[in-house]
Number of protein chains: 2
Amino acid sequence: MGRPPRFTPQQLQATALALLDAHGPAGLTMRALAAELGTGAMTIYNYVADREALELLVVEAVVAQAQWRHAPQAHWRDEVRHIATAMWQAVRAHPHAIGFILTRRSRSPAVFEVAEALLAALARSGRSGQALLVAFRAVWALVAGAAQAELAGPLALQAGESAPRTIERFRALPPDRFAHLIEIAGAALGSDAENEFSQILDLLLAGLAAGGR
Amino acid sequence: MGRPPRFTPQQLQATALALLDAHGPAGLTMRALAAELGTGAMTIYNYVADREALELLVVEAVVAQAQWRHAPQAHWRDEVRHIATAMWQAVRAHPHAIGFILTRRSRSPAVFEVAEALLAALARSGRSGQALLVAFRAVWALVAGAAQAELAGPLALQAGESAPRTIERFRALPPDRFAHLIEIAGAALGSDAENEFSQILDLLLAGLAAGGR
DNA sequence: ACCTGAACACCGTTCAAGT
DNA sequence: ACCTGAACACCGTTCAAGT
């Protein structure tokens, strides 16, 4: 007998993301999601194949939030910057989702769409084929890597750790072996993430401009 | 009564990494590790505080495998390339560990040592303070991001998927919306990872050279 | 100090039965 | 077609008892 679905896929997706945002990866379970929706755990399996599919749904939800405008009249450099920044911001808006975004292979339209937009902008630098691929991979890596560095890099802030405490932690390292690291720890704490990402991107864009048109 | 430990920390670390390499993340459990060592699950807790600590042990094991030589007479560009490549290769040698490396914050000496070596090389470009931090974060992001892209990027090969099958999958996308992605999919499959990483790094190094000395 | 089994509070998922 | 509870095979970890 054709029974109408109790939930929409969008409802599931939004609830899963909300759960993740609120309680972190450990809080996103089939059972917790079901409870949040007011049903039993097994009901979730009417909408996703398994836990992995649920995680992909969340990745899609985050990446889909990346918004950019197509600007064919702008310089390709500005358009690449615009799209890369949009993606970085979307990822950054959901810190608890970053782990999933970094490690789960998503084939969702949202991911393909940012990829295509980036490729189109980069193609305007005069690249095609292997050179275009390399340029794309470089920008993608920088965006993903910037999110990674903030989450888990050597200079990432520990969750709930104060700035003075972080500086102190680095000062406690052997100064003869980690001189630069200790020196830079202060700058890392004073650094504004948005501005820093912009500068990192600038470095790569300068390299891309040198090789392009 | 002072009882001598049955295992060394190195033994635990090596066995954990071997288990991960052989069976993937799902295969690395406290119980499986204990069984592999021929003991009960709870024995592991005499060596690590919890599962998270075990994962950090594995991350450390992988990063510690990065080997580079200090070359103060070489151009800073070559030294940066050398260290970045060493780290990328170490990460790449353990595909099943990449997820942990990307998402777990490690404060192990191994991580601090690559970071310091990279910083020292980059400092020779004439940078210090915020500019040095930005240069470091850019290189780090590129290395981490390259590993990410290979694991989970839009052009990553699906585990066990053949090259023709991958191309077919991209050809099945709407060609009007994903023209560049479809075009580039072929290049992505023919691309040699080592060579591609080198080219990506070149782009960033060109940008770094333009801003440095 | 280190070892370890029993037990607890969770998971994801299979199965079978419902509408 | 979709819903759902019971049950199974796992987890990480606490506790208490051992040497």
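The values are calculated or read from the model by the stated rules, or taken from the named source; none is laboratory data. These figures come from a predicted structure and were not determined experimentally. Quick reminder, even Gly has a Cβ in these numbers, built from the backbone with ideal geometry, and neighbours come from all protein chains shown.
The table that follows gives values for the structure above.
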quantity	calculated
Wholly enclosed helices (runs of 4 or more DSSP H) of region A:94-175 bearing at least 1 residues in contact (Cβ under 8 Å) with a residue 60 or more places away in the chain and under 13 Å from the mean Cα position of the chain (by Cα)	A:98-103, A:129-152
Condition met for residue B:76 (in contact with a His (Cβ under 6 Å, 6 or more places away or on another chain) and aromatic (Phe, Trp, Tyr))	no
Number of the exception - residue A:68 against (1) more than 16 Å from DNA strand C (Cβ to nearest atom); (2) assigned to a helix (DSSP H, G or I); (3) of a type in the set (Phe, Trp, Tyr)	(2)
Options B:137, B:165, B:107, B:124: the member that is within 19 Å of residue A:157 (Cβ to Cβ), surrounded by fewer than 18 Cβ atoms within 10 Å (Cβ to Cβ) and not assigned by TED's automatic domain parsing to the domain that holds residue B:24	B:107
Options B:12, B:54, B:17; residue that is buried (at least 16 other Cβ atoms within 10 Å of the Cβ), within 12 Å of DNA strand D (Cβ to nearest atom) and under 30 Å from residue B:116 (Cα atoms)	B:54
Checklist (1) facing chain A (nearest Cβ under 7 Å); (2) over 28 Å from residue A:174 (Cβ atoms); (3) polar (S, T, N, Q) applied to residue B:130, failing item	(2)
Selected residue (criterion: surrounded by the most Cβ atoms within 10 Å (Cβ to Cβ)) from residues of region A:176-195 that are facing chain B (nearest Cβ under 9 Å) and without any contact (Cβ under 8 Å) to a residue 12 or more places away in the chain	A:178
Among (1) under 17 Å from the mean Cα position of the chain (by Cα); (2) in the same structural domain as residue A:207 (by TED's automatic domain parsing); (3) assigned to a helix (DSSP H, G or I), the one test that residue A:57 misses	(2)
Neighbours by Cβ (under 8 Å, 6+ apart or cross-chain): first from region A:46-66, within 14 Å of another protein chain (Cβ to nearest Cβ); second within 15 Å of DNA strand D (Cβ to nearest atom) and at pLDDT below 95	none
Hits in region A:13-46 (condition: more than 12 Å from DNA strand C (Cβ to nearest atom) and either in contact with an Asp or Glu (Cβ under 9 Å, 6 or more places away or on another chain) or assigned by TED's automatic domain parsing to the domain that holds residue A:96 (or both))	A:13, A:15, A:18
Verdict on residue A:14 being within 23 Å of the chain's Cα centre (by Cα), among the aliphatic types (A, V, I, L, M) and under 24 Å from residue A:89 (Cβ atoms)	yes
Pick from region A:1-19, criterion in a helix (DSSP H, G or I) and among the aliphatic types (A, V, I, L, M), ranking: farthest from residue A:151 (Cα to Cα)	A:12
Of the criteria (1) within 14 Å of DNA strand D (Cβ to nearest atom); (2) among the aliphatic types (A, V, I, L, M); (3) within 14 Å of chain B (Cβ to nearest Cβ), which one residue A:33 fails	(3)
In region B:20-30, the residues that are surrounded by fewer than 17 Cβ atoms within 10 Å (Cβ to Cβ), assigned to a helix (DSSP H, G or I) and more than 8 Å from DNA strand D (Cβ to nearest atom)	B:22, B:23, B:25
Hey, residue B:198 at pLDDT 95 or above and either more than 7 Å from chain A (Cβ to nearest Cβ) or surrounded by fewer than 22 Cβ atoms within 10 Å (Cβ to Cβ) (or both) or not	yes
Flag if residue B:73 is under 21 Å from residue B:144 (Cα atoms), more than 16 Å from DNA strand D (Cβ to nearest atom), surrounded by fewer than 16 Cβ atoms within 10 Å (Cβ to Cβ) and without any contact (Cβ under 8 Å) to a residue 24 or more places away in the chain	no
